[in-house]
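Below you'll find the structure, written out as structure tokens, and then a few comments.
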Amino acid sequence: MVDEATRKSLSGIPLLKTKAGPKDDPKLWLQRLKEEYTALIKYVENNKAAGNDWFRLESNKEGTRWFGKCWHVQDMLKYEFDVEFDIPVTYPVTAPELALPELDGKTAKMYRGGKICLTDHFKPLWAKNVPKFGIAHAMALGLGPWLAVEIPEMIEKGAVVYKEGEDKK
Amino acid sequence: MDTVEELKARVLELENEVAELKGTSTRGRIDKMSAEVVDSNPYSRLMALQKMGIVKNYEDVRTFTVAVVGVGGVGSVTAEMLTRCGIGKLILFDYDKVELANMNRLFFQPHQSGQSKVEAAKNTLQSINPDVEIEIYNYNITTVDNYDDFVSRLETGSKTKGQIDLLLSCVDNFEARMTINNACNAIGLNWFESGVAENAVSGHIQFIIPGKYACFSCAPPLIVSTKMDEKMLKKEGVCAASLPTTMGIVAGLLVQNSLKYLLKFGDVSTYVGYNALEDYFPTMTLKPNQNCDDSKCIKKQAEYQLYIKEHPEVLIEEVKEETEVVHEDNDWGISLVESDPTNEEVSEETSLNLVPGLKVAYDIPSKPLKESHQEVELDDDAGESLDELMNRMKNI
Ligand SMILES: [Zn+2]
């Protein structure tokens with residue numbers, strides 16, 4: 001159900017411990033946020049070490065709104081997209097809904113507002129791993145595989161075109 | 001050259017068109033529902049329910065406030081039905097816009113494209129029935145910024161500024177359902193969950209009285225199984241399919257049961273599934289899970305147990321209603337014990353006592369990502385502050 005590459009990258013991401021959302025005790029949420037950042041940093045470092053650096057994320061100071069960039073490299077060209085999402089009040093029981101707003105309307109594999117359409121495996125896996133999975137896991141299990149499948153298809157169809165200077169940004 | 005008469009007729013025609021576009025009503029408000037059968041009385045056929053003895057006091061419908069969360073394929077039709085039934089007040093929540101891609105569904109019209117769904121719905125509903133009070137909120141209820149306002153609308157939105165009478169969930173995603181569940185468990189609000197599967201050929205409604213019936217957190221979501229093997233379902237290149245028929249049927253079941261609940265007639269179903277391929281409607285009652293993930297649900301369950309201890313008479317009525325359900329202290333339908341990973345097949349479905357044709361969307365919890373997932377320790381004692389971590393992430 002989960003391909004080998006995804007499984008491998010998932011296994012390198014620290015698991016989280018604190019089951020707390022943005023509406024819970026602020027101390028617990030702060031702890032959870034630290035865990036989120038620690039896991040994300042480790043994941044990005046792993047990606048860099050494996051020559052597969054593919055996203056950056058940051059959040060507002062409350063940790064409720066996240067934004068950043070993700071990219072896909074094909075034929076030596078870097079295609080970069082804004083990524084954003086809110087942490088739902090029911091987090092971490094429910095996963096964040098990752099969105100790439102600029103691709104809204106360009107692919108059928110999206111819901112309104114550019115929220116990516118996840119595979120049938122994502123939600124059951126997330127549910128089984130509450131509260132151990134965090135944002136880094138959502139990226140690895142959700143957005144990573146989505147980009148790998150959908151972006152080449154959109155490039156082929158001409159729905160996504162390479163923008164000059166993207167690499168230098 | 002047009003005659004004055006022709007021009008006058010044309011002006012009238014255009015005025016009507018403008019009124020329609022603006023959603024301006026063609027009738028004034030009606031203070032009291034009348035049962036008089038005349039062609040100008042919009043309530044005569046509804047009040048006939050009372051004359052026939054189906055409903056004791058139909059006019060009570062005007063006292064109720066119902067929230068409809070999600071004004072899409074199911075929610076818009078739900079709101080229209082309640083409006084035509086003369087419900088007292090509707091509170092609509094949605095953050096989406098009307099799009100041409102929605103035109104395979106009922107209710108919205110092509111000329112409304114681009115408008116917010118709640119705004120467009122309000123205009124149409126108000127012109128259908130100006131007696132209904134309609135309040136709209138164009139925001140996403142799952143975000144931290146809006147959640148508190150959402151809950152306070154439910155707590156104070158009724159016609160008498162108190163808690164509303166019923167919430168109908170017509171949303172299309174798990175996050176929003178969990179948010180509604182969270183809110184309703186917190187304030188003890190009865191609600192109906194509804195849904196149409198992404199394959200468009202099955203759907204369901206579920207009645208949730210916090211503490212009495214299973215909440216949305218008590219068990220993994222149920223799905224109505226169709227003979228089509230889920231794994232065979234082609235999802236290449238699409239997210240979801242939808243049919244106006246399935247949505248209309250689910251909205252019909254939803255509002256029918258809402259009316260039965262509010263106006264106290266017939267039996268209110270606690271779960272109705274709909275399998276469109278075979279026209280099969282499984283029904284059942286889901287009891288709460290004493291290990292529910294939501295502590296507010298557990299609290300409500302304790303309150304309900306206390307209530308039935310003090311009011312044993314309600315149980316006698318219940319048993320008459322739900323013959324197949326036995327209310328014994330230890331007979332909770334759902335157990336969410338760790339399922340034996342070597343024997344995953346016999347987990348949730350057997351312990352839930354699901355009727356044929358229903359299954360759970362997935363089992364929880366079993367072992368996370370079996371064997372291959374070695375735990376990487378979080379060194380959270382490193383003592384880095386959030387700011388330091390944020391900076392480290394930024395400069396990575
Ligand atoms: Zn529950």
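Name the single residue, out of those in the stretch A:76-90 being of a type outside the set (Phe, Trp, Tyr) and under 20 Å from residue A:147 (Cα atoms), that is surrounded by the fewest Cβ atoms within 10 Å (Cβ to Cβ). Break it down stepwise before answering.
Our first condition is that a residue be of a type outside the set (Phe, Trp, Tyr); within the stretch A:76-90, this holds for A:76-78, A:80, A:82-84, A:86-90.
Subset that is under 20 Å from residue A:147 (Cα atoms): A:76-78, A:80, A:82-84, A:86.
Numbers: A:76: 6, A:77: 14, A:78: 14, A:80: 17, A:82: 14, A:83: 24, A:84: 16, A:86: 20.
The residue in question is A:76.
Just name the residue that is farthest from the other protein chains (Cβ to nearest Cβ) out of those in the stretch B:154-172 that are outside any loop (DSSP other than H, G, I, E, B) and out of contact with any Asp or Glu (no Cβ under 7 Å at 6 or more places or on another chain).
The extreme case among them is B:166.
Could you figure out which of (1) closer than 20 Å to residue B:268 by Cβ; (2) surrounded by fewer than 22 Cβ atoms within 10 Å (Cβ to Cβ); (3) at pLDDT below 95 isn't true of residue B:238?
(1)
Go through the stretch B:241-287 and give me each residue that's assigned to a loop (DSSP other than H, G, I, E, B), open to solvent by less than 60 Å² (accessible area, probe 1.4 Å) and of a type in the set (Lys, Arg). Before the answer, list the steps.
Step one: of the stretch B:241-287, the residues assigned to a loop (DSSP other than H, G, I, E, B) are B:241-243, B:264-270, B:276-279, B:281-282, B:284-287.
With open to solvent by less than 60 Å² (accessible area, probe 1.4 Å) added as a condition, the list becomes B:241-242, B:265, B:268-270, B:276, B:282, B:284-287.
Within the stretch B:241-287, just B:287 meets the criteria.
From the set of residues in the stretch B:293-317 that are outside any helix (DSSP H, G or I) and within 9 Å of the ligand (Cβ to nearest atom), which is modelled with the lowest pLDDT? Talk me through it step by step, then tell me what you get.
Step one: filter the stretch B:293-317 for residues outside any helix (DSSP H, G or I), giving B:293-294, B:311-312.
Still in the list and also within 9 Å of the ligand (Cβ to nearest atom): B:293-294.
On the way: B:293: 90, B:294: 93.
Ranking the candidates gives B:293 first.
Being facing chain B (nearest Cβ under 7 Å) and of a type in the set (Ser, Thr, Tyr) is the filter here; which residues of the stretch A:9-37 pass it?
A:11, A:37
I'm trying to understand the selection: among the residues of the stretch A:38-56, which are within 9 Å of chain B (Cβ to nearest Cβ) and farther than 21 Å from residue A:81 by Cα?
A:38, A:39, A:42
Given the criteria over 18 Å from the mean Cα position of the chain (by Cα), at pLDDT 90 or above, within 16 Å of the ligand (Cβ to nearest atom) and surrounded by fewer than 18 Cβ atoms within 10 Å (Cβ to Cβ), does residue B:290 qualify? Walk me through how you get there before you give the answer.
Working: over 18 Å from the mean Cα position of the chain (by Cα): yes; at pLDDT 90 or above: yes; within 16 Å of the ligand (Cβ to nearest atom): yes; surrounded by fewer than 18 Cβ atoms within 10 Å (Cβ to Cβ): yes.
Yes, satisfied.
Here is a list: B:219, B:183. Which entry is free of Cβ contacts under 8 Å to residues at least 60 places away in the same chain, within 15 Å of the ligand (Cβ to nearest atom), small (Gly, Ala, Ser) and outside any strand (DSSP E or B)?
Numbers: B:219 fails: free of Cβ contacts under 8 Å to residues at least 60 places away in the same chain.
Just one listed residue meets the conditions, B:183.
Working only within the stretch B:82-122, note down all residues that are buried (at least 18 other Cβ atoms within 10 Å of the Cβ), of a type outside the set (Ser, Thr, Tyr) and out of contact with any strand residue (DSSP E or B) (no Cβ under 7 Å at 6 or more places or on another chain).
B:85, B:86, B:94, B:96, B:98, B:102, B:107, B:108, B:112, B:120
Quick check on the stretch A:91-109: of everything there that is crowded, with 19+ Cβ neighbours inside 10 Å and farther than 23 Å from residue A:58 by Cβ, which residue is farthest from the other protein chains (Cβ to nearest Cβ)? Let's see the steps before the verdict.
Narrowing the stretch A:91-109 to residues crowded, with 19+ Cβ neighbours inside 10 Å: A:91-100, A:103, A:107, A:109.
In the following step, the residues that additionally are farther than 23 Å from residue A:58 by Cβ were identified as A:93, A:107, A:109.
Numbers: A:93: 6, A:107: 8, A:109: 6 Å.
It comes out as A:107.
Which is under 18 Å from the mean Cα position of the chain (by Cα), crowded, with 19+ Cβ neighbours inside 10 Å and within 14 Å of chain A (Cβ to nearest Cβ), of B:220, B:210?
Values: B:210 fails: within 14 Å of chain A (Cβ to nearest Cβ).
Within the list B:220, B:210, the selection yields B:220.
The rows are residues; the columns are (1) open to solvent by 60 Å² or more (accessible area, probe 1.4 Å); (2) of a type in the set (S, T, N, Q); (3) assigned to a helix (DSSP H, G or I).
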position	(1), (2), (3)
B:39	yes, no, no
B:45	yes, no, yes
B:56	yes, no, no
B:68	no, no, no
B:71	no, no, no
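Step by step: first the residues of the stretch B:125-151, then only those that are of a type in the set (S, T, N, Q) and under 25 Å from residue A:60 (Cα atoms), then the one that is surrounded by the most Cβ atoms within 10 Å (Cβ to Cβ). Which residue is that?
We begin by selecting, within the stretch B:125-151, every residue of a type in the set (S, T, N, Q); these are B:126-127, B:129, B:138, B:140, B:142-143, B:146.
Pick out the ones that are also under 25 Å from residue A:60 (Cα atoms) and you get B:138, B:140, B:142-143, B:146.
Working: B:138: 15, B:140: 21, B:142: 27, B:143: 19, B:146: 18.
Only one residue tops the list, namely B:142.
Do you know which residues across the stretch A:128-150 are closer than 20 Å to residue B:221 by Cα and of a type in the set (Val, Ile, Thr)?
Once the filter is applied, which keeps residues that are closer than 20 Å to residue B:221 by Cα and of a type in the set (Val, Ile, Thr), the stretch A:128-150 yields only A:130.
Please give the number of the condition residue B:175 fails out of (1) within 14 Å of another protein chain (Cβ to nearest Cβ); (2) surrounded by fewer than 20 Cβ atoms within 10 Å (Cβ to Cβ); (3) more than 16 Å from the ligand (Cβ to nearest atom).
For residue B:175, the exception is condition (2).
The values are calculated or read from the model by the stated rules, or taken from the named source; none is laboratory data. All values reported here derive from a predicted model rather than from experimental measurement. Neighbour counts are summed over all protein chains in view; Cβ atoms, including those assigned to glycine, are modelled from backbone coordinates with ideal geometry. Note: accessible area is taken over every heavy atom of the protein model, side chains too, but ligands, DNA and RNA are not part of it. Shrake-Rupley method; radii C 1.70, N 1.55, O 1.52, S 1.80 Å.
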